[in-house]
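S.K.: Encoded as structure tokens, here's the structure I'll be asking about.
Bear in mind that the values in this text are calculations on the coordinates, not laboratory data. This structure is a prediction, so every number in the text was calculated from the model and none was measured. Glycine gets a Cβ as well: all are built from the backbone with ideal geometry, and neighbour counts include every protein chain shown.
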Amino acid sequence: RIVRVSSIASIPPAECNMPPSCDTVPEADAAETKMADPKIVDLIKAREGEDQGPFTSLEFFPPRTDEGIKNLYARMGRMKESTSPLFTDITWGAGGSTADLSLDLALHMHNNGHVANMHLTCTNMDESIIRDALQKCLDGGIRNIVALRGDPPEGQDEWKATEGGFTCALDLVRYMRAEFGDAFGIAVAGYPEGHPTAITDLKPEEVEAMSESEKKRCSVINGVTAVCRDEDYKKEMDYLKEKVDAGADVIITQMFFDPEVFINWVKDCRAWGIDCPIIPGLMCINAYAGFKKMVGFCKTRVPPSLEEKMESMKDDKDAVKQFGIEYGAEVCQKLLDSGACGLHFYTLNLEKVVYGTLDKL
């Protein structure tokens, strides 16, 4: 059972004298700082060994304004007290656009009692920049990194490797292990429906010819059926196994709205010999427009019943938010019943739906 109290608290890091790097960090940072964070994989194993049950974790993104940063500091503090996350992610903007701010926010989280899990991408990042970011994390006590290829820079449709940089998340995982040994816990992304670039739009005659497994993970967006074909799905699984074999020790998934897709995918991961912890990533439904945007961007499968319900209330903001809580709780319960070790919430820097969802579990 997950409740919104300290019973699901993470193991707190010890204290030390490492100063924060962000000039705008609140007084709490200056008064007391923290020692190196524990690795997320070790926290999960410790919980399993003590039979503590499932956990929650949170993800935020860097705001665009100083006022937004101030509000996020306050929100992080409130949500830490309310949800006791095992760890907290901060994203790395498309094309490295928020690199310095992401690092400052990660250090702020670390210095205020969160186990910080900082995203790091390959986009617009050569080896020297990657090394510098990792060294700053190491010096600041951060011990958890999410290794990602990353999205193309804003305004570009096609992803291109930077000269002297990395071509994919696997390169980044290998680099971290080669250059920093086991200093960091490394999380990587998993895609239960297939990476968006591996998902193909089908012609009408191809829809009829889909395999049973393809039918279970396909999406229909604006009347077009799309799916990660079985042969591409196998490549996706092989690549994920490579990332884990190279040194990744935790998987956090892409968002999804059909829990059966995740449950089936986890079974496939285990059959592939992928044995590390797998954490479902959950996108809270806060608004109709945001829901449609993310579904289209990620080519996410939406169960017909969910699609029908969202269309029926798309002009009622309060109803959408309340339904987001109810549907989110239903999905979470199915995931927990299937044996999920925890629930990772993509908060969108918002609180209400996360609180409401947890309160219903």
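S.K.: Check which residues have an amide H placed less than 5 Å from Gly342's amide H, if you skip close sequence neighbours.
M.R.: Amide H neighbours of Gly342: Phe55.
S.K.: According to the square roots a ≥ b ≥ c of the eigenvalues of the Cα gyration tensor, what is the shape class of the range 211-256, taking rounded for a/c under 1.5, prolate for a/b larger than b/c otherwise, and oblate for the remainder?
M.R.: prolate
S.K.: Filter Lys235/Lys293; Lys216/Lys334; Lys70/Lys352; Lys299/Lys321 down to the pairs with a C-alpha to C-alpha distance above 20 Å, please.
M.R.: Beyond 20 Å between Cα atoms: Lys235/Lys293; Lys299/Lys321.
S.K.: Once a ≥ b ≥ c are taken as the square roots of the eigenvalues of the Cα gyration tensor of the range 209-361, is the result rounded (a/c under 1.5), prolate (a/b larger than b/c) or oblate (a/b not larger than b/c)?
M.R.: oblate
S.K.: Can you classify the range 178-256 as rounded, prolate or oblate using the Cα gyration tensor, where a ≥ b ≥ c are the square roots of its eigenvalues, rounded means a/c under 1.5, and otherwise it's prolate if a/b beats b/c and oblate if not?
M.R.: Prolate, since a/c reaches 1.5 and a/b exceeds b/c.
S.K.: Can you give the net charge of the other residues whose Cβ lies under 11 Å from the Cβ of Leu172, counting K and R as +1 and D and E as -1?
M.R.: Taking every Cβ under 11 Å from that of Leu172, the sum is +1.
S.K.: While we're here: Could you pull out every residue, at least 5 positions away or on a different chain, whose amide H is within less than 5 Å of the one on Arg229? Hs are placed 1.01 Å off N in the peptide plane, and Pro or chain starts have none.
M.R.: Result for Arg229 returns Thr200.
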